[in-house]
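This report refers to the structure that appears directly beneath it.
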Amino acid sequence: MKKLTLGTAAALTLMANTAFAETEITWWHGMGGALGDTVNEIAKGFNESQDEYKITPAFKGTYEETLTAGIAAFRAGEQPNVLQVFDAGAATVIGAKGATVPVQDLLESNGVDFNIEDYISGVRYFFADADGKMIGMPFNSSSPVMYYNVQALEKAGVTPPKTWEEFQSVTAPALKDAGYIAMTQSHLPWIFVENFMSRNDQPFATNNNGYDGADGTKILVNTPELKAQFTAMADWKEKGYFEWFGTGWGDNQTPFEQGKVGIWFGSSGSFGGLSKQDLPFDFSATYLPYWESVTTEPKQTFIGGAALFAMSGKSDAENKATTAFFEYLTSPEVQYMWHRETGYVPITTAAYELAKADGHYDRFPAAETGILQLSLDASENTAGYRMGFYVQIRDVMNREFGRIFTGETSVDDAFNAIEKESNELLARFAKTQN
Amino acid sequence: MKRAGFTTRWLPMLLLLPQLAVIIVFFYWPAAQAVQSSFYLEDPFGFGSTFVGLDNYTYLAQSTEYAKIARFTLVFTILVTFFSLALALLLAVKADKVIRGAKSYRTLLMWVYAVAPPVAGFIGLLMFNQSWGPLTELAKSFGWDFTLGVNATDTAAAMVLVSVWKQVPVNFIFFLSGLQSIPKSVREAALIDCASAIRRFWDVTFPLLAPTGFFLLIINITYALFDTFGIVDTLVKGEPGNNPMTLVYKVYVDGFRGNDLGGSSAQSVVLMVLVLALTVVQFRLVERRIHYT
């Protein structure tokens with residue numbers, strides 16, 4: 001009898017499912033490990049919040065692998081509804097007009113009231129087009145921030161440096177004398193080139209930092225200001241203020257976690273990981289320093305991380321489901337949960353207010369650094385950049401920077417090479433866009 | 001001399017068909033596509049493309065970085081091939097003489113063969129870990145400040161070492177069976193004629209091993225050029241940075257990481273031509289001097 005009841009129940013459930021005719025959509029992402037668990041939690045939350053739609057997330061490897069998988073699937077007509085694309089891939093996916101439905105159009109055509117002003121200033125325009133229309137929905141948004149070992153700085157008798165001038169004349173020598181490596185960092189192109197430009201209010205590329213189109217866009221890195229940054233870093237390395245442990249992110253973060261390093265430049269998204277560890281010291285975070293010799297009015301930084309793109313070629317019913325998912329994702333509660341669990345910044349002001357009201361920043365003041373830095377003064381150089389084949393351009397930068405710090409090349413030669421090779425890549429990319 | 005043959009024409013064709021179909025679908029068709037797309041610069045999503053003629057090739061020819069990678073690949077291939085063959089030969093000659101517990105020795109020496117390249121790379125990553133890797137410590141005790149992923153030469157040394165380690169067992173198996181197929185009578189005759197073991201090796205054993213050696217030479221060059229991909233990728237942790245890389249890895253970096261379809265297609269065409277040329281040279285020149293028994 002009991003068996004029969006179970007069987008009937010199962011049959012009823014099956015019938016119920018078909019009766020509702022859930023619209024199923026797919027979401028390909030590059031979030032592994034603990035981040036992947038949180039992604040699955042969001043998807044589960046969305047599926048349980050209503051019974052019309054069902055989203056299935058799938059982990060596709062690194063950011064690069066996710067983008068390549070998405071492209072291959074698109075060419076085969078098997079694209080997912082939602083594809084996560086990272087900052088360096090923005091020009092590729094946005095340049096291919098017709099590959100995606102701009103998220104702003106998607107939301108508006110499905111009757112959602114969209115206002116870009118609802119989003120935090122620093123996240124608004126990175127994944128937007130030249131007219132400021134949002135193309136990709138910022139998802140895991142982070143910004144480079146300066147983490148520091150509180151005890152190390154106390155022992156050295158210094159406070160977190162506001163400017164690089166202060167770092168090199170006061171902070172670094174004191175930290176060295178106290179027995180620490182003064183600084184390490186985990187991503188030279190992102191932190192010390194891209195966000196150097198934004199923080200110090202410098203243009204990064206011609207054509208409005210590349211937003212006005214790929215044709216004729218040239219990179220602007222071979223400048224005295226940026227070269228001075230790297231000349232200084234090479235000098236700091238000589239003096240024992242700075243250590244470089246290779247291009248890998250983790251190799252440079254580990255010494256900080258071991259308590260050997262005073263200051264580490266990482267991502268605001270590193271906060272979740274750091275606070276879950278049992279570190280032998282207290283850490284905190286603050287803004288990236290700027291060069292007083294370059295600007296006296298430092299600006300905000302822009303986001304790194306990745307955005308979610310709605311792929312084209314899907315039925316209206318599925319696009320409606322995608323819209324519903326984006327609405328759920330941008331709701332203050334979900335954004336706050338994502339922010340709290342991972343350390344990525346909440347993308348809307350409403351979510352930020354919710355986190356504040358909940359006392360999140362009273363408990364973890366460092367968690368607020370990213371948002372505050374993204375909300376500093378803006379200028380025409382703080383929206384971001386739009387350059388094609390940018391993955392290779394970053395590779396070229398990493399290669400030359402590595403050679404600077406291993407003494408294989410000079411700063412001048414390195415920047416000449418970066419400028420030449422990047423401009424060749426940009427010109428090649430422009431030809432793919434016809 | 002009696003010639004065996006088919007009585008009908010269609011039967012051999014039919015028997016060949018499945019194999020030909022596999023070759024066409026998995027080799028000729030993609031190869032033709034690679035040649036075609038090497039003349040274009042194409043938007044990865046397939047919306048825009050520009051015919052650029054030989055631009056992708058001239059771009060490679062003028063790139064000093066590509067030349068550097070090609071030079072590294074050459075040196076890497078020579079080192080990996082030489083050391084894999086030499087070490088395996090030494091081990092095989094020694095193992096051939098072992099009588100007691102021979103099977104356990106051989107099994108132990110062959111074991112590594114079962115390790116997949118990325119796993120081998122990962123083991124290398126652990127051994128050369130910057131802060132606690134045992135091999136890093138060992139190098140330090142000799143005064144060599146070994147830093148994987150920082151110093152390009154150190155990374156290259158690790159790549160060669162792991163690649164050799166991974167390949168020695170394969171060569172060992174072939175060399176050992178080659179040694180064991182040398183007739184006992186020949187060895188005994190040599191033993192009577194000459195007392196020096198080294199002379200006996202070079203005058204008798206080595207020439208008789210030449211067919212095996214030639215076969216292994218081709219296999220090893222191909223291995224160093226192509227199959228070390230997994231090791232290279234793991235050791236650089238997916239970040240090319242200032243690390244050395246092989247030509248095959250460069251195809252991956254530009255094509256799969258960077259979505260430059262035209263550029264990476266041109267690179268794979270260059271590799272195809274290289275392999276063709278290599279094979280012709282090997283069979284034409286090297287094989288002439290080898291006498292198969």
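What follows draws every value from the coordinates through simple rules; no lab data is involved. None of the values given here were measured: they were computed from a predicted structure. Cβ: placed from backbone, ideal geometry, glycine included. Neighbour counts: every protein chain shown.
How far is helix A:332-342 tilted off the main Cα axis of chain A, in degrees rounded to 10, range 0 to 90? Approximately 50 degrees, to the nearest 10. Highest GNM mean-square fluctuation among B:D227, B:D260, B:D145, for chain B modelled with Cα contacts below 10 Å: B:D145. Counting, for every residue in B:49-60, the Cβ atoms of other protein chains within 10 Å of its Cβ and taking the mean gives 2.
The GNM of chain A, with springs linking C-alpha atoms under 10 angstrom apart, assigns the highest mean-square fluctuation among A:R75, A:R340, A:R403 to A:R75. Computed packing ranks the peptides B:118-130, A:175-187 as A:175-187, B:118-130, most packed first, by mean other Cβ atoms within 10 Å.
Rg and Dmax, both from the Cα atoms of the protein assembly as shown and both in Å, are 29.9, 98.
Listing B:L20, B:L74, A:L35 from fewest to most neighbouring C-beta atoms within 10 Å gives B:L20, B:L74, A:L35. Rounded to the nearest 20 debye, the dipole size of the range B:1-141 about its Cα centre is 1140 debye, using +1 on the Cβ of Lys and Arg and -1 on the Cβ of Asp and Glu.
Here the relative contact order of the range B:53-289, from alpha carbon pairs under 8 Å that lie six or more residues apart, stands at 30 percent. Near the amide H of A:T348, within less than 5 Å, lie the amide hydrogens of A:I120, all on another chain or at least 5 residues away, with H placed in the peptide plane. Highest GNM mean-square fluctuation among B:L14, B:L54, B:L108, for chain B modelled with Cα contacts below 10 Å: B:L14. Straight-line cross-link reach from A:K44 at under 29 Å between alpha-carbon atoms covers these lysines, not counting any fewer than eight positions away in the same chain: A:K54, A:K60, A:K276, A:K314, A:K320, A:K356. Sorting the segments A:46-52, A:412-418 by their residues' average number of neighbouring beta-carbon atoms within 10 angstrom, most packed first, yields A:412-418, A:46-52. DSSP assigns beta bridges within the protein assembly as shown; of those with both partners inside it, close to 65 percent run antiparallel. For chain A, the longest principal axis of the alpha carbon atoms and the long axis of helix A:33-49 meet at an angle near 30°. The angle separating the long axis of helix A:390-405 from the principal Cα axis of greatest extent in chain A is about 30 degrees.
Ignore the peptide's own chain and count Cβ atoms of other chains within 10 Å of each Cβ in A:392-398; give me the average, rounded.
Neighbouring Cβ atoms belonging to other protein chains average 4 per residue here.
Where Lys and Arg each count +1 and Asp and Glu each count -1, what net charge lies around A:Y390 among other residues with Cβ under 10 Å from its Cβ? Net local charge, A:Y390 excluded: -1. Fully extending the segment from B:L16 to B:L90 would add 22.5 nm, taking 0.36 nm per residue of separation and subtracting the current Cα-Cα distance. DSSP beta bridges confined to chain A are antiparallel in about 60 percent of cases.
Mean Kyte-Doolittle of at least -1.0 plus a Cα span of 18 Å or more along the axis: flag which DSSP H helices in chain B meet both, please. Answer set is B:10-23, B:64-97, B:152-180, B:206-222, B:261-281. Peptide B:250-258 has a mean of 5 when you count, residue by residue, the C-beta atoms of other protein chains within 10 Å of its C-beta.
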